[in-house]
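Worksheet for the structure shown next.
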Amino acid sequence: MKRYWSRLLALILVFTIGLTGCSSPDSLTGDYRQDTLAVVNIMKEALELTPDSPNKAAIQAEARQKINDFSARYQRNNAVSGLSSFTTMRTALNSLAGHYSSYPNRPVPEKLKNRLEQELARVEIALRRGA
C-alpha cells in the first residue's frame with residue numbers, strides 16, 4: 001500500500017510540474033502585433049516620465065518586465081525575426097534596457113529619447129504595413 005501511495009504522489013507531482021512548466025508566465029498574449037504594440041505603448045509611457053513622476057518606479061518596472069517578456073518570447077521565433085518591425089523593435093528594446101541597467105536612477109537622455117521615439121514610430125508604421 002505504501003508503494004501505491006508513493007507512486008500516486010510521484011505521478012501527481014509530475015503532472016503538476018508539467019502543467020506549471022507549460023503555462024505562459026509572461027505578460028504577453030502570443031500575438032506578435034498586439035504584443036509589439038503593448039511594448040511600444042509602455043515604452044512611450046516610460047519615455048514621457050518626468051523625474052518627479054509619482055508612478056515612475058512602477059512604470060519603469062513594467063517596461064523592464066515587458067522588454068524581458070518580449071525578448072524571451074520572440075528572440076528565437078523565425079516567423080518574426082526577419083520582419084523590419086522586429087529588428088527595429090529589438091534595437092529600441094536594447095537601447096532602453098541598456099540605459100536602465102547602466103543608469104537606473106537617471107532620466108533617459110534627450111538624444112536617446114528622440115532616437116527611441118523615432119524607432120518606435122518606425123515600428124508602428126511597419127506593423128501597419130504588415131512587415
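Might you check whether a residue that is over 19 Å from K113 (Cα atoms), open to solvent by less than 70 Å² (accessible area, probe 1.4 Å) and small (G, A, S) occurs anywhere in segment 66-74? Show your work before the answer.
Step one: of segment 66-74, the residues over 19 Å from K113 (Cα atoms) are 68-74.
Filter again for open to solvent by less than 70 Å² (accessible area, probe 1.4 Å), leaving 69-71, 74.
Add one more test, that the residue is small (G, A, S), and what stays is 71.
Yes - at least one qualifying residue is present in segment 66-74.
For segment 23-58, give me each residue that is β-branched (V, I, T) and surrounded by fewer than 17 Cβ atoms within 10 Å (Cβ to Cβ).
T29, T50
The values are calculated or read from the model by the stated rules, or taken from the named source; none is laboratory data. The structure displayed is predicted, hence computed values, not measured ones. Positions of Cβ are generated from backbone atoms using ideal geometry, with glycine treated the same way; all protein chains shown enter the neighbour counts. In case anyone asks, the SASA skips ligands and DNA or RNA and just uses the protein heavy atoms, side chains included. Shrake-Rupley method; radii C 1.70, N 1.55, O 1.52, S 1.80 Å.
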